[in-house]
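Report on the following structure.
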Amino acid sequence: MAAPYRVSKDKAVTSERESAPHRLRLPDALEMLRLLLVATILLPLVLGAFAAYLSYVKSDQAATRSATEAVAVAAENTAKVLDTHLLVAARISDLLNNMTDDQIHASEQELHDRITQQIAGLPQVAAAWVVDAAGRELVSARVYPVNRNIELSTREDFKALQTSNARTFIWMLRARSLDTGDYQPYFTVSLRRDTPDGRFNGVIIVAVSGSYFASFYNSLLGGTERYTASVLKDDGTVLARYPQPTSAPVTAQPDPLLARAIADEAQSGVAEDGTPFDGGRIVAVKRVANYPVYVTIERKKASILQEWMRSVIGYTVIGVAAAIALIGLSFLALWRTRREQSALAEASQAVARRAALEMQLHRAQRLEAVGLLTAGIAHDFNNVLTVITGNIERVEVSLEESDHRRQKLLTAAQDACARAAALSKRLLGFARHEPINPRATNVNEIITNTLELPWKTGDRIRGEFRLSDDLWPVTVDPDQFATALLNLAFNARDAMPKGGRLRVETTNFVFDDPDEAETLGVAPGAYVGIFVADTGHGMTEEVRQHALDPFFTTKDPGKGTGLGLALVNAFATRSGGCCAIDSEPGKGTTIKIYLPRHRGLDEPEDDNAGNIWRARAPAASEEDGVRPN
C-alpha cells in the first residue's frame with residue numbers, strides 16, 4: 001500500500017500557512033515573571049544567608065565579649081583567693097613566731113585549735129599545715145595529731161622552696177578528702193619558713209578547695225556547660241578546672257591553645273582555633289595580678305553555632321513561610337500570564353484564520369467576477385468566431401483549386417480561428433463554464449501518458465517520476481487533469497532555460513486537523529497529492545502570493561497569458577481539492593495539487609490502510625533546491 005501523508009495540527013506547513021500572520025507573543029511579560037520567580041527564590045536565600053552570617057558573627061562576638069568579661073571577674077576572684085591564702089600562711093608563720101620543732105610538737109594541740117579557728121570563716125581554704133625542714137608534718141588545721149611518719153620531702157612544692165630563695169610556690173595536686181574519702185583536685189599556696197639566720201626551716205602549706213572553685217564558676221557561668229574555666233600556672237600546668245573531670249586526673253600537660261595564649265606573657269587576650277565543625281574553640285585569658293597564674297574561660301564554637309541556630313529558628317520559620325507565599329504568588333502570576341498569553345494566541349490564530357478566510361472569500365469573489373466577465377466575453381467571442389469560421393468556409397468552397405494564393409490565406413485564417421477557439425475554451429474552463437466529465441481516474445496513468453513524451457525529444461530537461469504504488473483513485477475530468485499537468489510542465493520548462501530536472505511525485509495524503517484543512521480551503525479527509533517540482537530560478541514571496549491570480553505573469557509581453565497556474569488552481573478547486581505553491585528564489589518551485597480520494601459504493605472509509613503519511617509532504621532532495629513545504 002502506498003504511504004499517504006497525514007497532516008497534523010503542529011505539522012504540514014503549507015505556503016498558505018506561511019503567509020498567515022505570525023502568532024502574537026509576549027516574551028517580555030513571561031521573561032519578567034520568570035525573572036521575578038527566580039528572584040523570589042534566590043533573593044530570600046541570598047539575603048537570608050547574608051543576614052544569618054551577620055547574626056552568627058554577632059553571636060560569635062557576643063560569646064567572645066561574654067568570655068572576656070567572665071575571665072576578668074574570675075581573675076579578680078582568683079587574685080583575692082591567692083591573697084587570702086598567703087595572708088593565712090603569713091598569720092600561721094606569725095603564730096609560730098620562730099618556734100622550734102620541739103616547741104611546736106609540745107604545743108600541737110593549741111596550735112591546731114588556733115589555726116583551725118583562723119581558717120574557719122574561709123570556705124575557700126580546704127586545709128593548712130606546717131612541714132619541717134625534713135619534710136614531715138608538724139601541725140595541721142584538719143588533723144590532730146599529725147602523722148609524723150608521712151614523708152613530704154619529695155613533693156614538688158617542698159623541693160622548689162628548699163632549693164631556691166623563692167618565698168612562695170603555687171602547685172597542683174590530687175589528695176584524699178577528709179570528708180568524703182575520695183581523691184579530689186586541689187592546688188596549694190606554699191610559704192617558705194626560715195631560721196633566724198636565714199636557713200631553710202620548712203614550709204607552710206594552704207590548700208585551695210576545689211569545691212569552692214566549682215561553686216564560684218558555676219555561679220559565674222550560670223551553671224551552663226557551654227563554658228570551661230581553668231586556672232593555670234604560667235607554664236601551662238592546670239591548677240583547677242570547671243567542670244571538674246569525672247574520672248581522669250587533672251593533667252599536668254599544658255593545653256597547646258592555652259599555652260599559646262599565655263606564651264607572650266600578656267596580661268589578657270583571646271585565642272581561638274578551628275571551626276564549629278571540627279571542635280574549634282575560643283579562649284579568653286587573663287593573668288592573675290602579679291602571680292604566675294592565669295585564668296581562662298573557654299567556649300566551644302559548636303555551642304555558639306547551636307545557640308545561634310536556636311535564636312534564628314523563629315526568624316527562619318517566618319522567613320520561609322513568607323518566601324513560600326511569595327513564590328506561590330509568583331507561580332500563580334506566571335500561570336495566569338501563560339493562560340492569558342495562550343488565550344491571546346488562540347484569539348490571534350482565530351483572527352488570522354478569519355483574515356485568511358476573508359482573503360480567500362475576497363479572492364473567490366474577485367475570481368468569480370473575473371470568471372463571469374471572462375465567460376461573457378468568451379461566449380460573445382465564440383459567437384463572432386462562429387460567424388467568421390462560417391464565412392471562411394463559404395469563401396473556401398467558392399474558390400477555385402488553382403487559386404493557391406487565396407487558398408493559402410484562407411488556411412492561415414482557419415488556423416487562427418482554431419487557436420482562437422482553443423483560447424476561448426481555456427477562458428471558459430477558467431470561468432468554470434466548460435462542460436466537465438468527472439469520473440474515477442488513475443492519476444499515475446494520466447501523468448505517465450501526459451508528461452513522458454514532451455521530454456523525450458531532448459536532454460536539456462531531465463524528467464524524473466516517483467509515482468507511489470497502490471495510489472488511491474480520484475474523481476476528476478481526465479482531460480482537464482491532463483491539461484493542468486501540461487500547463488505545469490510548460491511553466492517548469494520556461495523556468496529552466498538552461499536545463500534542469502522536472503520531478504513528479506504522487507502519494508496518498510490525509511488531512512487530520514480541521515484547522516490545517518481550513519487553511520488550505522479543503523475539508524478534512526483523504527486526498528491524493530501530486531507534487532511537480534523544478535530546479536528553476538524560483539519565485540519571490542511577492543510573486544508567489546499572486547502566482548495563482550488570473551492574467552498574472554512575469555513573462556515578457558506576448559509570451560504568456562497568465563492563465564496557466566490560474567487554470568490549474570481552478571481545476572483543483574472545481575474538483576474539490578486545492579493547489580499550493582512552495583518556492584524561493586534560486587531554490588526552484590514545487591506546485592502541490594491535492595485531489596480528493598474517490599471511493600466506490602462498497603468501499604469502507606478507512607484511510608489507515610498501509611503506512612499513512614500524517615506529516616509533511618515529500619519533496620525533491622536538497623541538492624535540487626526544491627522545498628515542498
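The values are calculated or read from the model by the stated rules, or taken from the named source; none is laboratory data. Small disclaimer: the values here were computed from a predicted structure and weren't measured. Every residue, glycine among them, receives a Cβ derived from its backbone with ideal geometry; neighbour counts consider all protein chains shown.
Applying the selection to the range 536-547, what residues are at pLDDT 85 or above and either more than 47 Å from the chain's Cα centre (by Cα) or not assigned by TED's automatic domain parsing to the domain that holds Y594 (or both)?
G536, H537
Please go through (1) at pLDDT 75 or above; (2) surrounded by 15 or more Cβ atoms within 10 Å (Cβ to Cβ); (3) not small (G, A, S) for R426 and return the number of the only condition it doesn't satisfy.
Condition (1) is where R426 drops out.
When only residues in the range 176-205 that are at pLDDT below 80 and in contact with a Lys or Arg (Cβ under 8 Å, 6 or more places away or on another chain) count, which is surrounded by the fewest Cβ atoms within 10 Å (Cβ to Cβ)?
So, considering only residues that are at pLDDT below 80 and in contact with a Lys or Arg (Cβ under 8 Å, 6 or more places away or on another chain), the one surrounded by the fewest Cβ atoms within 10 Å (Cβ to Cβ) is D182.
Rundown of residues vs (1) in the same structural domain as F200 (by TED's automatic domain parsing); (2) at pLDDT 90 or above; (3) in a helix (DSSP H, G or I); (4) crowded, with 21+ Cβ neighbours inside 10 Å, yes/no style:
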| residue | (1), (2), (3), (4) |
| --- | --- |
| T64 | no, no, yes, no |
| D94 | yes, no, yes, no |
| N98 | yes, no, no, no |
| P123 | yes, no, no, no |
| V139 | yes, yes, no, yes |
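Of the numbered conditions (1) assigned to a helix (DSSP H, G or I); (2) modelled with pLDDT under 80, I436 fails exactly one; give the number of that condition.
Looking at each condition in turn, I436 falls short on (1).
Pull out all pairs, ordered by first then second residue, where Cβ-Cβ is under 6 Å, the residues are six or more apart or on different chains, the first lies in the range 495-509 and is over 30 Å from Y527 (Cα atoms), and the second is among the β-branched types (V, I, T).
So the pair list comes out as G499/I461.
This table checks each residue for (1) touching a Gly at 6+ places or on another chain (Cβ under 8 Å); (2) touching a residue at least 24 places away in the same chain (Cβ under 8 Å); (3) not β-branched (V, I, T).
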{"site": "P123", "(1), (2), (3)": "no, yes, yes"}
{"site": "A127", "(1), (2), (3)": "no, yes, yes"}
{"site": "V139", "(1), (2), (3)": "no, yes, no"}
{"site": "V146", "(1), (2), (3)": "no, yes, no"}
{"site": "N149", "(1), (2), (3)": "no, no, yes"}
{"site": "T154", "(1), (2), (3)": "yes, no, no"}
{"site": "F158", "(1), (2), (3)": "yes, yes, yes"}
{"site": "Q162", "(1), (2), (3)": "no, yes, yes"}
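Pick from A572, A526, A566: which is at pLDDT 85 or above, among the hydrophobic types (A, V, I, L, M, F, W, C) and closer than 21 Å to L451 by Cα?
A572
What number of residues in the range 218-233 are touching a Pro at 6+ places or on another chain (Cβ under 8 Å) and at pLDDT 80 or above?
3
Applying the selection to the range 264-320, what residues are touching a residue at least 40 places away in the same chain (Cβ under 8 Å), among the hydrophobic types (A, V, I, L, M, F, W, C) and not in a helix (DSSP H, G or I)?
Answer for the range 264-320, where residues must be touching a residue at least 40 places away in the same chain (Cβ under 8 Å), among the hydrophobic types (A, V, I, L, M, F, W, C) and not in a helix (DSSP H, G or I): V270, I282, V283, A284, V285, V288, A289, V293, V295, I297.
Starting from residues that are part of a loop (DSSP other than H, G, I, E, B) and among the β-branched types (V, I, T), keep the ones in the range 532-558 and report whichever is farthest from M359 (Cα to Cα).
Here the residue is T535.
Give D132, D113 a once-over and let me know the one that is modelled with pLDDT of 85 or more and in contact with an Asp or Glu (Cβ under 8 Å, 6 or more places away or on another chain).
D132
May I ask you to say which residue of P604, P596, P550 is modelled with pLDDT under 85, under 26 Å from T507 (Cβ atoms) and either among the β-branched types (V, I, T) or surrounded by fewer than 23 Cβ atoms within 10 Å (Cβ to Cβ) (or both)?
P604
Strands (runs of 3 or more DSSP E) wholly in the range 460-531 with at least 2 residues that are buried (at least 19 other Cβ atoms within 10 Å of the Cβ) and touching a Gly at 6+ places or on another chain (Cβ under 7 Å) - which ones?
Details: elements: 461-467, 474-476, 500-511.
It comes to 500-511.
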